[in-house]
Amino acid sequence: MNTPLLSARYAHTNLTAEDWEALAAFYERVFGCTRTSPQRDYQDEALSGGQARAPRQRGVHLRLPGHGPGGPTLEIFGYDPLTNRARTAPNRPGFGHIAFEVPDVAAARAVVVAEGGSALGEVVTQMTPLGRAITWAYVADPECNVIELQSWTA
């Protein structure tokens, strides 16, 4: 193992939302994410200067399922104003997707679609070089962010 240059612990991933409240509710309802703290509402000069972003941001942190109270979060924020969105695609450069391990990919895919998301392809099963099978599918949340649903077998 290589020695890292920094001492670091993964903290969170940010999703910028058109409607942060509705998107946070989707992740709470569908994947069991839970809010870690009260709603955030930041509005001051430091935001626009220090982040080169909008002068106001509001949202929440959601604890991701399966990692306990100290695990990473999904930060869902809305910015005022927003800029135009690039087209969603799993193979677009940059962050591609967030992944959730589920017991049944087809059933999870159906739930995401029923809750306002969309399917981005078929359910696929493939063998890995280590001889394990993975079943997966890409879906999108209601704001077109890509999600991978996956299930492993021995």
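The values are calculated or read from the model by the stated rules, or taken from the named source; none is laboratory data. Quantities reported herein were computed from a predicted structural model and do not represent experimental measurements. Because the Cβ atoms are built from the backbone with ideal geometry, glycine has one as well, and the counts that use them run over all protein chains shown.
Screening ARG87 against (1) modelled with pLDDT of 75 or more; (2) of a type in the set (D, E, K, R); (3) closer than 23 Å to GLU115 by Cβ leaves a single unmet condition, (1). Among residues of the stretch 131-154 that are touching a residue at least 12 places away in the same chain (Cβ under 8 Å), those with a Cβ under 7 angstrom from a residue that is of a type in the set (D, E, K, R) and part of a strand (DSSP E or B), sequence gap 6+ or separate chain, pair up as TRP136/GLU148; TYR138/GLU148; GLN150/GLU101; SER151/GLU101. Selection of the stretch 74-120 for residues being surrounded by 12 or more Cβ atoms within 10 Å (Cβ to Cβ) and assigned to a strand (DSSP E or B) yields LEU74, GLU75, ILE76, PHE77, GLY78, TYR79, ILE98, ALA99, PHE100, GLU101, SER118, ALA119. Restricting to the stretch 121-154, and then to whatever is among the small types (Gly, Ala, Ser) and surrounded by 13 or more Cβ atoms within 10 Å (Cβ to Cβ), can you tell me which residue is nearest to VAL30 (Cα to Cα)? Ranking the candidates gives ALA140 first.
Taking every residue in the stretch 69-89 that is over 13 Å from ALA17 (Cβ atoms) and pairing it with any residue that is of a type in the set (Lys, Arg) and in a loop (DSSP other than H, G, I, E, B), at least 6 positions away or on another chain, the pairs with Cβ-Cβ distances below 8 Å are ALA86/ARG92.
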